[in-house]
1. Tell me, which helices (runs of 4 or more DSSP H) lie completely within the range 13-84 with 3 or more residues that are over 20 Å from P115 (Cα atoms)?
2. Taking the conditions exactly as written (farther than 25 Å from L363 by Cβ, free of Cβ contacts under 8 Å to residues at least 60 places away in the same chain and away from the ligand (no atom under 13 Å from the Cβ)), does P222 satisfy them or not?
3. Provide a single number: the residues in the range 142-192 that are modelled with pLDDT of 90 or more, near the ligand (Cβ under 9 Å from one of its atoms) and among the hydroxyl-bearing types (S, T, Y).
4. Which of the residues spanning the range 299-343 are part of a helix (DSSP H, G or I), more than 17 Å from the chain's Cα centre (by Cα) and closer than 30 Å to A275 by Cα?
5. Report whether or not C195 is within 9 Å of the ligand (Cβ to nearest atom), within 15 Å of F276 (Cβ to Cβ) and out of contact with any Phe, Trp or Tyr (no Cβ under 6 Å at 6 or more places or on another chain).
6. Would you mind stating whether V261 is under 16 Å from the mean Cα position of the chain (by Cα), within 14 Å of the ligand (Cβ to nearest atom) and outside any strand (DSSP E or B)?
7. Could you tell me which numbered condition T214 fails, if it satisfies all but one of (1) modelled with pLDDT under 95; (2) out of contact with any Cys (no Cβ under 9 Å at 6 or more places or on another chain)?
Amino acid sequence: MSREIFISFSNRDRAKTDKIVDALEKLGVSCWYQINDSKGKFAHEISQGIKESKYFIAFVSNSSVESVIVQNEIYEAVDKHTDSKIARKRAAKEGDAEVLANVPEYKILPVELEPLDEENKQEANIFLGIFNWLFYSDYDSEMLLAMAICKQFGIQNDAIRESSYSAIIPLEQQRLGYQSRILALQMHPVLEKLCTELEQPIVLDVGCADGTATLAKFEGIPLGDYVGLDREFDDERMKTLYEGRDDVAFVRADLAAGEHVAVLKDIMRRRGIVAFDIIHISFVMLHIMDCVSVLRSLKQFLTPEGYLVIQDIDDDQTLVYPESRFFSDWKLIWDGSSETGDRRVGRKLPIYLKNAGYRNIRLQNNSLDSFSLGEEDKKAFWDALYNPKYWIASEEDFVDYDTYLKLDKYRADHQKSHEQFMNNEVFVNQGIFIITAQV
Ligand SMILES: C[S@@+](CC[C@H](N)C(=O)[O-])C[C@H]1O[C@@H](n2cnc3c(N)ncnc32)[C@H](O)[C@@H]1O
């Protein structure tokens with residue numbers, strides 16, 4: 001049976017490799033792992049395993065570099081990699097689309113399990129030096145490393161499908177502006193209370209987008225420093241907003257691929273930050289598959305007196321009176337979209353935090369209602385959540401096509417429902433949770 005990834009390793013490293021392979025298999029990726037597949041007895045089976053695999057991981061350690069079996073596996077994998085490259089190059093030159101489609105590049109990924117002795121490092125580099133490496137020590141859990149491996153290989157399947165959301169689409173930037181305004185209304189009093197204990201807090205903003213939403217939440221609260229982290233930035237916009245400012249810093253890292261730990265350590269060293277007083281995560285957890293791993297990995301960056309502050313959605317907590325098809329379709333439409341992630345993450349956060357090892361987990365607030373808002377805030381509330389003009393999900397983002405079809409009716413009813421909302425003929429209590437926790 002052919003498997004996606006051939007795993008090359010030394011038996012001495014099994015304490016680590018067993019867990020990583022287990023995590024890969026949990027993500028739905030099949031691995032050719034000698035322990036399971038040939039009991040290490042037959043060279044031709046190993047060779048067959050490499051031939052049939054699409055990707056190759058070389059787990060590199062001092063003992064694997066010295067293992068003759070591992071060396072042979074790497075020679076064979078590098079041969080296959082070179083053959084696939086030559087065939088593709090030739091096909092590209094000759095315009096042979098069939099070969100290009102049927103002969104993918106054989107990808108090799110070295111993963112360093114421990115620091116290598118100088119001699120072993122040189123040895124490993126002879127064959128593996130040309131490839132991109134991952135380092136076990138950069139990842140807080142085997143699951144995060146497994147996700148990073150999938151990202152490197154470009155493996156996508158249902159278990160590791162990311163939400164298709166992007167914050168740098170201009171329309172979404174506009175909608176986020178409205179959302180920021182109402183999220184700040186709900187969050188500001190919570191932060192004011194927490195920050196009376198924390199003098200000039202140093203803030204980490206995880207999934208910061210352009211950073212303006214969080215900075216607005218801290219209005220009037222002096223900050224010691226601010227670091228924003230996101231997997232993507234609109235560079236032009238960031239330049240316009242922050243050029244010449246050294247009181248804020250932004251770093252790029254993908255949480256789902258576990259890139260944030262190394263990236264944060266680096267920026268903290270460069271800014272002289274020992275730990276953060278506030279780690280703020282707003283409307284990000286709904287896009288993350290393995291929330292517990294991400295939350296656990298952030299613990300090391302929080303001071304003992306500090307707070308993790310999460311703000312996120314739970315659509316089932318949203319109450320509307322009088323009910324109407326417009327509002328029930330709103331829920332169905334978003335439920336059916338893969339662009340938006342987990343719309344019921346709010347209620348799960350306390351358990352995620354507990355499983356990640358946090359204490360003092362407190363629900364600070366779980367609703368924002370339309371009647372308590374002034375005219376401009378009410379308009380922002382509507383545009384952030386209910387105005388289809390700002391929705392970016394496209395047809396292919398809908399898991400359920402029938403739900404997608406509801407959009408037309410929703411759009412037709414929009415103007416009338418908006419007017420009723422603005423005239424306080426409809427009451428909406430939006431399910432947005434604010435939860436705090438400490439280490
Ligand atoms: C809905 S926006 C929220 C932005 C901001 N925190 C706010 O409250 O307005 C979600 C943000 O999370 C970021 N994000 C989503 N998945 C991420 C990941 N795996 N790693 C890093 N950032 C991610 C997106 O790029 C986006 O900027």
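1. Details: elements: 14-26, 34-37, 43-52, 62-66.
The helices (runs of 4 or more DSSP H) meeting that bar are 14-26, 34-37, 43-52.
2. So P222 fits the description; yes.
3. The total comes to 1.
4. Across the range 299-343, the qualifying residues are Q300, F301.
5. no
6. Yes.
7. Just one mismatch for T214, condition (2).
Every residue, every condition in (1) at pLDDT below 95; (2) not in a helix (DSSP H, G or I), yes or no:
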{"residue": "F371", "(1), (2)": "no, no"}
{"residue": "K378", "(1), (2)": "no, no"}
{"residue": "F381", "(1), (2)": "no, no"}
{"residue": "E396", "(1), (2)": "yes, no"}
{"residue": "Y404", "(1), (2)": "yes, no"}
{"residue": "L407", "(1), (2)": "yes, no"}
{"residue": "H418", "(1), (2)": "no, no"}
{"residue": "N424", "(1), (2)": "no, yes"}
{"residue": "V428", "(1), (2)": "no, yes"}
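The values are calculated or read from the model by the stated rules, or taken from the named source; none is laboratory data. Note that the structure is a prediction, hence the values are computed from the model and not measured. Neighbour counts are summed over all protein chains in view; Cβ atoms, including those assigned to glycine, are modelled from backbone coordinates with ideal geometry.
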